[in-house]
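The values are calculated or read from the model by the stated rules, or taken from the named source; none is laboratory data. Because the structure is a prediction, the values reported are computed rather than measured. Neighbour counts run over all protein chains shown; Cβ positions are idealised from the backbone, glycine included.
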Amino acid sequence: MICVGTVAEFNPFHLGHQVLIDQMRKRAGKEGIVICVMSGHVTQRALFPVTDKYTRAEMALRSGADLVLELPFPQCASNARAFALAGVRILCSMKTDLMLFGSECGDPDLLSHVTDMTKNEKTVRTEDEDNLGDPALFARSVQALGIRELGPNDRLGIAYMRAAKDDGLELSFDTVLRPAVSDLAPSASDLRKRILAGDDSFQALLPEVVLDIWNRAEAEGRVLSPDHLQRLHDYVWMTYRSPDTGRLDTYGMCGGLNHRIFKKANEAPDSDAFFTSLKTKRYTDAHLRRVLLFGLTGVSREDTEKKPRYTILLGASEAGKTYLSSLRKAELDIPVLTKPSDVPDSEAAGRQKHLSEELDKLFTTCLVKALPSGRFIRESPVLPDNRQP
């Protein structure tokens, strides 16, 4: 039996994701298992997903996945290294043989070469580069090797390869070439913009097999509300106007960024002006959102670098259930929980649960139908007999 896995966000689940899962199924064969490790209620760029994790898991299952496991917070919203390391660790704990990921270049040998030639995205800065962020410096180091510019999925693929190598994990890699963005195959960011703008044209660009799942989530109010999201932005702005030394001393609050955030929050007349004023060449929008989110939830750098103490089963097919049952719990380096409330009795696992709950307190307020903060602690995995028609 071959087990093929990937790490994804499915925000939203679109045609490119369907192509990825189709290729995973082709590589796994009829008897193989397709595993998706998926971000929960925040993505790697520190954005809230357009719908909750169980709805997105159901879409992946309907499209051919066998198991959907959660990439926990805060790793799911961390930098590429921490995000990738947590993802491949969960895949390897599940005895995954091959990882597939989307790629702009579609050349796994090239990406493996870059992995060997560049240790990480931290590059020694020259004086004229001091105002550049680490991703920009990494791009310069790749160009210095005589390699054409790599896309964001290529860079994340390199992070997966490097994470497996650095952690001594046995995992093979291959790519699925991402189709060029077009009117018929728009980017995920374009689809998100349409969704938040109330433009229903996005529905024609989703895989047909998941449309009823989206419509149900929309009817139940389990999708993001632009108005509620704006309310959260206002809360963030007002929160950082206070000189809370604890909040301004969390992950990423270094190099004077903590003082800049406090200063800009107090100078800005509203939340939009606040977020706009924070931007610099050195700090990407994703980094700034990540720092603000981690400050609100109390995430430290140590939290992002820890190995996940457990992963939550978001959904499973019949084949996935059978495969999961075949794995002895003692053999799993990272336990799989069927209920979020069944957290192992350890300080590290308790910390992971606490941070997840802090995130959910924010995410649940941004849905069309605001939910109690503990709503998803009681959620059951998506199984063939409890949601699909």
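For this structure, a couple of remarks:
- Residue in segment 148-188 that is farthest from the chain's Cα centre (by Cα), counting only those that are over 15 Å from V7 (Cα atoms) and of a type in the set (A, V, I, L, M): L184
- Residues in segment 352-387 that are assigned to a loop (DSSP other than H, G, I, E, B) and of a type in the set (K, R): K369, R387.
- Considering segment 250-290, the residues that are in contact with a Gly (Cβ under 9 Å, 6 or more places away or on another chain) and charged (D, E, K, R) include one that is surrounded by the fewest Cβ atoms within 10 Å (Cβ to Cβ), namely K281.
- Candidate set from segment 216-235 (those that are charged (D, E, K, R) and not in a helix (DSSP H, G or I)); member that is farthest from V50 (Cα to Cα): E220
- Take the conditions (1) assigned to a helix (DSSP H, G or I); (2) farther than 17 Å from P12 by Cα; (3) touching a residue at least 60 places away in the same chain (Cβ under 8 Å); (4) in contact with a Lys or Arg (Cβ under 9 Å, 6 or more places away or on another chain); G87 misses just one of them, which is (4).
- Those residues of segment 186-215 which are surrounded by 15 or more Cβ atoms within 10 Å (Cβ to Cβ) and not in a helix (DSSP H, G or I), in sequence order: P186, L206, P207
Each row is one residue, and each column tells you yes or no for (1) of a type in the set (D, E, K, R); (2) touching an Asp or Glu at 6+ places or on another chain (Cβ under 9 Å); (3) in contact (Cβ under 8 Å) with a residue 60 or more places away in the chain.
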{"site": "I35", "(1), (2), (3)": "no, yes, yes"}
{"site": "G40", "(1), (2), (3)": "no, yes, yes"}
{"site": "P49", "(1), (2), (3)": "no, yes, yes"}
{"site": "T96", "(1), (2), (3)": "no, no, yes"}
{"site": "E104", "(1), (2), (3)": "yes, yes, yes"}
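- Any hit, segment 231-239, residues being touching a residue at least 24 places away in the same chain (Cβ under 8 Å), surrounded by fewer than 18 Cβ atoms within 10 Å (Cβ to Cβ), under 23 Å from C366 (Cβ atoms) and β-branched (V, I, T): yes
- One residue from V181, V176, V142 being at pLDDT 95 or above and under 15 Å from C105 (Cα atoms): V176
- Only one entry of E302, E357, E318, E331 meets the criterion of being at pLDDT 95 or above, over 17 Å from the mean Cα position of the chain (by Cα) and among the acidic types (D, E), and that entry is E318.
- When segment 5-51 is limited to residues that are of a type in the set (K, R) and outside any helix (DSSP H, G or I), the one that is nearest to the chain's Cα centre (by Cα) turns out to be R45.
- Qualifying residue in segment 47-64 (condition: modelled with pLDDT of 95 or more, farther than 27 Å from P335 by Cβ and either touching a Leu at 6+ places or on another chain (Cβ under 9 Å) or assigned by TED's automatic domain parsing to the domain that holds L292 (or both)): yes
- Count of segment 336-351 residues, restricted to those that are of a type in the set (D, E, K, R) and assigned to a loop (DSSP other than H, G, I, E, B), is 3.
- Residue within segment 325-341 that is free of Cβ contacts under 8 Å to residues at least 60 places away in the same chain, β-branched (V, I, T) and buried (at least 16 other Cβ atoms within 10 Å of the Cβ) present: no
- Filtering segment 213-261 to residues that are farther than 28 Å from N79 by Cβ and either at pLDDT below 95 or of a type in the set (S, T, N, Q) (or both) leaves N215, S225.
- In segment 242-328, counting only helices (runs of 4 or more DSSP H) that sit wholly within it, the ones holding 3 or more residues that are farther than 25 Å from S346 by Cβ and of a type in the set (S, T, Y) span 271-278, 318-326.
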